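Right, one structure below, let's go through it.
The values are calculated or read from the model by the stated rules, or taken from the named source; none is laboratory data. Being a predicted model, the structure only gives us computed values, none of them experimental. All Cβ positions, even for glycine, are placed from backbone atoms using ideal geometry, and neighbour counts span all protein chains on display.
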Amino acid sequence: MSVTVDTPRVSYLTEENTIGSWLLTTDHKRIALLYFASITGFFFLGGIAAALMRINLLTPTGAIVSHEMYNRLFTMHGVVMVWFFLVPAIPVTLGNFIVPLMLGARDLAFPKLNLVSWYLFMTGGLFATYSLFAGGLDTGWTFYTPLSTDYTKGHVVAVAIGIFISGFSSIATGVNFIVSIHRLRAPGMGWYRMPLMLWSLYATSVIYVLATPVLAMTLILLGFETVFHVGIFDQRLGGDPLLFQHLFWFYSHPAVYIMILPGFGVMSEVLTTFSQKGIFGYKFIAWSSVAIAVISFFVWGHHMFVAGTSVYSAITFSLLSFMVSVPSAIKVFNWLGTLHKGYIKFDAPMLYALGFLGLFTIGGLTGLFVAALGADVHLTQTYFVVAHFHYIMVGGMVSAFFAGLHYWWPKITGRLYPEMWARAAAFLIFFGFNLTFFPQFILGYLGMPRRYAAYPPEFQVLNVLSSAGSTILAVAYLMPVFYLGYSLRHGARSPSNPWHATGLEWKTQSPPRTENFPIIPIVTEPPYNYPRPEDRTRAA
Amino acid sequence: MSGWPPLLVAWIGLLVLLALELGSALLLHLPATASLFGMAQAAIVVIAFMRIRRGSPLMHIFGAAGLFWLIVLLALGNLDPLTRTDLIVQTTGNPR
Amino acid sequence: MTLTLTSASVHSAEVDALLAGLLLMSLAVLALVFGLIWTYAIRYRAGNTEDRGAIGQKSWRIEIGWTVATLVVFFALFVWGADLYVRLYTAPGNALKIYVVGKQWMWKVEHEGGQREINALHVPVGRPVQLIMTSEDVIHDFSIPAFRIKHDVLPGRYEQLWFNAQTPGSYHLFCTQFCGTDHAAMIGEVVAMQQADYARWLTQNGGSDTLVAAGRDLFTRYGCSGCHQAGPTGGGGTVRAPSLNGLYGSPVPLADGTTVFADDKYIRDSILLPADQIVASYAPVMPSFSGQIGEDDLIKLIAFIKSLAAEGPS
Amino acid sequence: MHFQYSSAEHQAESAMSGMWLFLAQEILFFGALVFVWVYCCYQHPAGFRLATQHANLLIGSINTAVLLTSSFTFTAGLLAIERGEPRRLIQACFATIGLGVVFLLLKGVEWFKDVGDGLVPGAHFSLTGPDSGGAQIFYVFYYVATVLHALHMIIGIGLVLWIAWRARRGDFSRAWSTPVEVVGLYWSFVDVVWLTLYPLIYLAAL
């Protein structure tokens, strides 16, 4: 395969460059960049809150902030990270950019709706963050009643409105992706010829569209209860605080899969490209995404095993929770099968992807600890749970995000990034992450509760270890800002297919034109159609 | 279904069902019947006014998905309150 | 730095066994995953010219194989965990009852003998102890890591938790459900003592009254005795209200034709919202005491009414 | 036609699919409310019965008939434009808007009466007695449900106005009337929501 570095004079980046042309664009690629900018801001906002918390936990009595401030910090960390980073991150940035390119389409099905969704996201996001700064909120991101409705002084309603508004942006994105994937596939692209990234974004979108409205209604009722004290969730007026938890987790558990499913998609792309080998078990990976999207709605009760729900409900939800981990296990095995007999190259995206594989496996396995009822009683509400979901969401999802970001960076910007810096950052993230969160598993087993601003002194050593890790992690997360920023101006020009990957997005120029493809491509082969090992040997 | 006559039939049918719904609720006091009538009316609206039978399979899938997940919410959501037992504190030497 | 947690109750060893099982399974899977990643990364690196041979055409046998294996292992773990869970929350009938009230940000504990403590819980070893818990405000969670148990404490409901302490000693007691500003300060101490020591502790901290006696005082002070008969002689001046003798643990016919079983919750509800469940053939004249009687007084009143069970219906 | 579509028909069917998917989302949105209703009704059957007896059955029933008719008129307008009669479509739109406004006015009268009767959850709730708590929860459900439904109606009236305006501009023809069909889906769906709420509010616990 010969590589010609064509330097396109016209691309979606250069076509028109007024402020209006960016803020009113309906081009999915530009909207993706708008989202990139916003998401990065929210990520570092949530990150700063996390860093302050880790510093505070250096001493048993709390090193720098009061209990009240600490509670506000973890609430801000949770709200910002969950709703304004993790839930939208991969779909609205990488997804928005890559879905039409992978489909061989010129844009998403509803480009104006796509722009509207960014404005909704920003409105909700800025409103919520402003409220978090202006009044502070100390309920945790879960808003459990009656604490949130009757006992807190924070701006519950304002933050809820912010989340409510940005929820519509999720719904809009979900509708757009699903309809695009159904309607805009290039000629010849059957369902089993789609890249697996599209399957997982499809599954994500199903959850976006069908879970978010339940959250919207929950927030309406929460606001009603907070303002008027009407008694739906208030036991003194005949309501039931557990009703809130049911409604909340009906959304928030599937939301966990909103966060990780797109990461699965990135994994399938990156692992095949850097193994130069077809995916192992395509159909199993594809359908396991769909299975996860469906089963994820059946398991929310596992957040309430010690909350006072019925024993029958606990047992049912425990069984279903074990079931939802089966498709995830299938994926891990299939990715390993993909590495088998490949031609593995260790570029930065691959390092991030291998990091994901390890961290996600740990996160998934510890999930079984809390799905097993008898063990959950001891571990729930402790740092064990904190470590478990950070392994999935930060170790897993953020690693996948970086893998995808580096992988498609040449396509997005038309530039290559400094490879050595990127590899160093990948190693540092893996190391810093484990140092931060592994001690928390032990802390949890020892019984240290989560959301504690101060703690008994015997937990100090492990907490200091965790805080030390978090400084490394913070530095590691800042590195890409600098070297990717540097590459924007000074990076080498990228050819249209720098990784020798398959997939329609690599068949067009880097960066693409506004209309993506001058001629709509026709798909004639399955995805990941790399030469088989035996054919390579014969050729050599 | 197309053209005026079926549309008119559907509309009259809906009003008749409304009358029956009201009558049965006021006379029979059976809680479930009203909702059944409501569902029947909804079905007529979906068939006659939303013209679901003309829709593509894709639209059928989307509608069915909404209904399916609604059933999940109702079924699993009510599992806990319907099986919850209030604490009965056993006492020793209880005459019961 | 200690990396182990005292195992101080009958069930903590069982929970640890389940955790060990989960850990072993996880380590096996991790060894497999990390081992394969390293093996493949070295063996199939792009520069390595090793002959890779042909890759198999049919993969579905392997797929079905590992899916079924995963399912079987998961199902076994599920059964193990569920069985333990049911036993963790099923208290034996002969348990010693201790009452716990959570409020922002402290635990109030009351023993049957009237002994009261705050952010501390003294219990005997070798004897099942059942905690009857409620909250005055938000949701709290009563957690004793050394016993491997916890349960949320909800306002307006009685939740229960039980354990059988084995090793004398002093252990942490945490609130593990976020409950507001000083959540992190809602920490207490559980002291497990030999039974003789516990008996001595009870007498030394005798309190003025047992719960029952305190409840009897409150029964008069809140004016209950004006209408209800309680005890062979007490109360029931004008017979407008049902007698409370022998009430606890017996079925009560209600005005709407149904029958309820008089347990703690029924008595609590009847004090706070008397009009909700009217006893057959009585007029609904009792006022609501909602908001007037605190949770700790309710516990005493219930203890008193409970003590009348022995009197038998009069 | 947007440049990502191969034909007008391709775009039309995508728009229709998008609307159906949006409606699936709406099912879950109102479905969550129905879930709350079922959950609370099970815990307070007597309170819900008491509250239902105070709901305004007459206005509720008239409104159901009004709404069913409005759905009928709009679909009639859709049939008209599919035969190439834009004037008929405009007439149908205004009939639909009129019926929608009648619905909202009646709803307003009903709310006014409810508030006058003290059927507002809170300290001054007029239904006292043992079942007051359950009845209050019913009225929370009632207000949230009817206000959200009314908001959907207002959006719907705006959409129908937009259709009438575009029809007057001559945008629609026998060959192309996708927006009319999409708005019709939305309008009829709001109808379906009401058909679910009506028995729950006025009849089921009678």
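Assorted remarks:
- Evaluated against (1) under 19 Å from residue D:194 (Cβ atoms); (2) within 14 Å of chain A (Cβ to nearest Cβ), residue D:97 falls short on exactly one condition, (2).
- Count of the stretch A:138-159 residues which are in contact (Cβ under 8 Å) with a residue 60 or more places away in the chain, surrounded by fewer than 24 Cβ atoms within 10 Å (Cβ to Cβ) and not in a loop (DSSP other than H, G, I, E, B): 2
- Every residue from the stretch A:352-403 that is in contact (Cβ under 8 Å) with a residue 40 or more places away in the chain and among the aromatic types (Phe, Trp, Tyr): A:352, A:356, A:360, A:383, A:384, A:389, A:391, A:401, A:402
- For the stretch A:430-442, filtering for residues that are hydrophobic (A, V, I, L, M, F, W, C) and either in contact with a Cys (Cβ under 6 Å, 6 or more places away or on another chain) or crowded, with 23+ Cβ neighbours inside 10 Å (or both) leaves 2.
- Here residue D:138 passes the criteria (1) outside any helix (DSSP H, G or I); (2) touching a residue at least 24 places away in the same chain (Cβ under 8 Å) except the one numbered (1).
- Number of residues in the stretch C:117-156 that are among the aliphatic types (A, V, I, L, M) and touching a His at 6+ places or on another chain (Cβ under 9 Å): the value is 7.
- Any hit, the stretch D:40-62, residues being within 9 Å of another protein chain (Cβ to nearest Cβ), touching a Cys at 6+ places or on another chain (Cβ under 8 Å) and surrounded by 18 or more Cβ atoms within 10 Å (Cβ to Cβ): no
- Within the stretch A:508-528, restricting attention to residues that are more than 14 Å from every other protein chain (Cβ to nearest Cβ) and loosely packed, with under 14 Cβ neighbours inside 10 Å, the residue that is nearest to the chain's Cα centre (by Cα) is A:525.
- Exactly one residue out of C:54, C:76, C:41, C:69 is assigned to a helix (DSSP H, G or I), within 7 Å of chain A (Cβ to nearest Cβ) and not β-branched (Val, Ile, Thr): that is C:41.
- Considering each residue of the stretch C:103-120 in turn, none proves to be crowded, with 19+ Cβ neighbours inside 10 Å and closer than 30 Å to residue A:316 by Cβ.
- The stretch C:164-219, residues that are in a loop (DSSP other than H, G, I, E, B) and in contact with a strand residue (DSSP E or B) (Cβ under 8 Å, 6 or more places away or on another chain): C:166, C:167, C:168, C:176, C:177, C:179, C:186, C:194, C:205, C:207
- Among the candidates A:165, A:178, A:171, residue that is more than 10 Å from chain D (Cβ to nearest Cβ), within 21 Å of the chain's Cα centre (by Cα) and β-branched (Val, Ile, Thr): A:165
- The lone criterion from (1) away from chain B (no Cβ under 14 Å); (2) buried (at least 24 other Cβ atoms within 10 Å of the Cβ); (3) within 19 Å of the chain's Cα centre (by Cα) left unmet by residue A:274 is number (3).
- For the stretch C:207-216, the condition of being crowded, with 24+ Cβ neighbours inside 10 Å, in contact (Cβ under 8 Å) with a residue 12 or more places away in the chain and in contact with a Leu (Cβ under 7 Å, 6 or more places away or on another chain) holds for at least one residue.
- Considering residues of the stretch A:224-235 that are more than 15 Å from residue C:153 (Cα to Cα) and in a helix (DSSP H, G or I) only, the residue modelled with the lowest pLDDT: A:228
- Cross-chain or 6+ apart pairs with Cβ under 6 Å, the stretch C:12-24 first and facing chain A (nearest Cβ under 9 Å), then among the basic types (Lys, Arg): C:12/C:148; C:15/C:148
This table checks each residue for (1) modelled with pLDDT under 95; (2) farther than 28 Å from residue A:445 by Cβ.
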| residue | (1), (2) |
| --- | --- |
| A:270 | no, yes |
| A:294 | yes, yes |
| A:297 | yes, yes |
| A:300 | yes, no |
| A:313 | yes, no |
| A:325 | yes, no |
| A:332 | yes, no |
| A:337 | yes, yes |
| A:342 | yes, yes |
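- Criterion (within 15 Å of the chain's Cα centre (by Cα) and crowded, with 21+ Cβ neighbours inside 10 Å) met by exactly one of D:144, D:192: D:192
- Looking only at residues in the stretch A:289-309 that are under 18 Å from the mean Cα position of the chain (by Cα) and hydroxyl-bearing (Ser, Thr, Tyr), the one that is farthest from the other protein chains (Cβ to nearest Cβ) is A:289.
- Given (1) touching a strand residue (DSSP E or B) at 6+ places or on another chain (Cβ under 8 Å); (2) assigned to a helix (DSSP H, G or I), index of the condition residue C:86 fails: (1)
- Flag for residue D:196 being part of a helix (DSSP H, G or I), hydroxyl-bearing (Ser, Thr, Tyr), closer than 24 Å to residue D:19 by Cα and touching a residue at least 60 places away in the same chain (Cβ under 8 Å): yes
- Counting only helices (runs of 4 or more DSSP H) that sit completely within the stretch D:1-111, those holding 3 or more residues that are under 30 Å from residue B:76 (Cβ atoms) correspond to D:8-43, D:45-54.
- Residues in the stretch D:151-179 that are more than 18 Å from residue D:88 (Cβ to Cβ) and more than 14 Å from every other protein chain (Cβ to nearest Cβ): D:153, D:154, D:157, D:158, D:159.
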